[in-house]
Amino acid sequence: MKNNNLKPKCLCVKGKNIMVVDDHQYALLVWGQLFQQSKKSSVLVSIDYHPDTNPSFWLYAYQKAMAINPDKEAALVDRFQKKILSMLDPLNLKTIEDAMGKLRNDEHIYTAMELGYIKDYHMINCMEKHQYPRGHHYLVSENHFGSLDDHMFEDSVFSMKNLSQDNLILDIDLDYFSSLKSFDLDLNRNTVFSQLVNRAKLITIARSESYFNYLKKEDCTIKECEEELIYLLEDVLKKRSPE
């Protein structure tokens, strides 16, 4: 059976690549392509309902460790994770593709850090404000769930000033949006979202259909949500708001 995630939908608007994958972990391959082309690590800004920053290959390693020896679970998990990572070549995407079956949809960001595809991340999400040694988490309050307006960014304490001048990847999971009203933005203003879109070297979108269907608050389809987001991105890029 062919894996459609290995051939993401690719759109190009005003010279900006927008890549759409079904399952979020497959964005890792797209980020890897950018790394190969630019020879530079990027900074990631991800907007998602979930934080998606679990350790690389953790669930696979944990399940394997528990099946072998629960009493040595921690040591075995670490060993199995390191073994998988040692087999990955950041410049050879085939090695990444071969390991994708072991990677969960909340483990790709740290894997990208391990591979050098990204050097830092800013995770805007609705669940957790983690305090990790690497990366930055911004918690969206419930009254701003699904919002892309400046009030959401301000409330979560995210600011464009937090970003370095490195290559920027904007990553968006459709499960963040519970309503199509999320896409009603005033593009006559230079919003934070407009700045992110214009600054981004690459935009990745994860459809995450099962999570989207579980979290949505109105009778809309994943196709409608995807289309509305892409329309919004196109409007922003065609307007080219100044930074």
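Points to keep in mind about this one:
- Among 127-133, 36-42, 203-209, sorting by the average number of other beta carbon atoms lying within 10 angstrom of each residue, highest first, gives 203-209, 36-42, 127-133.
- Amide H to amide H, with H built 1.01 Å from N, Phe57 comes under 5 Å of Arg104, counting only residues 5 or more places away or on other chains.
- Our coupling estimate for the stretch 39-44, obtained by passing each phi through the Karplus curve with A = 6.51, B = -1.76, C = 1.60 and θ = phi - 60°, is 6, 9, 6, 10, 9, 9 Hz, Gly and Pro reported as x.
- Length released on extending from Gln33 to Glu142, taking residue separation times 0.36 nm less the Cα-Cα span: 35.7 nm
- Solvent-accessible area per residue for the chain (1.4 angstrom probe, square angstrom): 50
- Seen from Glu142, the other residues with C-beta closer than 13 Å to its C-beta sum to a net charge of 0, counting Lys and Arg as +1 and Asp and Glu as -1.
- Options (1) 26; (2) 21; (3) 32 - which one matches percent of Cα pairs over 31 Å apart as calculated here: (2)
- For the cross-link pairs Lys14/Lys39; Lys82/Lys129; Lys7/Lys181; Lys82/Lys119; Lys9/Lys223; Lys7/Lys161, the ones whose C-alpha atoms lie over 25 Å apart are Lys82/Lys129; Lys7/Lys181; Lys7/Lys161.
- A viscosity of 1.567 mPa s and a temperature of 4 °C, combined with the Kirkwood radius over C-alpha pairs in the Stokes-Einstein formula, give the stretch 97-171 a diffusion coefficient of 93 µm²/s.
- Less than 5 angstrom separates the built amide H of Tyr121 from those of Leu44, Gly135, His136, all sequence-distant by 5 or more or on a different chain.
- Mean sequence separation of contacting Cα pairs (under 8 Å, at least six apart), scaled by the length of the stretch 1-153, corresponds to a relative contact order of 28 percent.
- For Val157 and Ala67, a Förster radius of 41 Å and the Cβ-Cβ distance give a FRET efficiency of 0.45, rounded to the nearest 0.05.
- By the helix-only formula, in which each DSSP H run with n ≥ 4 contributes -39500 (n - 2.57) and the sum is divided by residues, the chain has a 222 nm mean residue ellipticity of -11000 deg cm²/dmol.
- Placing +1 on the Cβ of every Lys and Arg and -1 on the Cβ of every Asp and Glu, with no other charges, gives the chain a dipole of roughly 1060 debye about its Cα centre.
- Surface share of carbon and sulfur [accessible, 1.4 angstrom probe, percent] for the chain: 47
- The alpha carbon centroids of the stretch 158-196 and the stretch 39-80 are separated by 28 Å.
The values are calculated or read from the model by the stated rules, or taken from the named source; none is laboratory data. It should be emphasised that the depicted structure is a prediction, and the values quoted were computed from it without experimental measurement. Here Cβ is always computed from backbone atoms with ideal geometry, including for glycine, and neighbour counts include all displayed protein chains. To get the accessible areas, we keep the full protein, side chains included, count just its heavy atoms, and leave off ligands, DNA and RNA. Shrake-Rupley method; radii C 1.70, N 1.55, O 1.52, S 1.80 Å.
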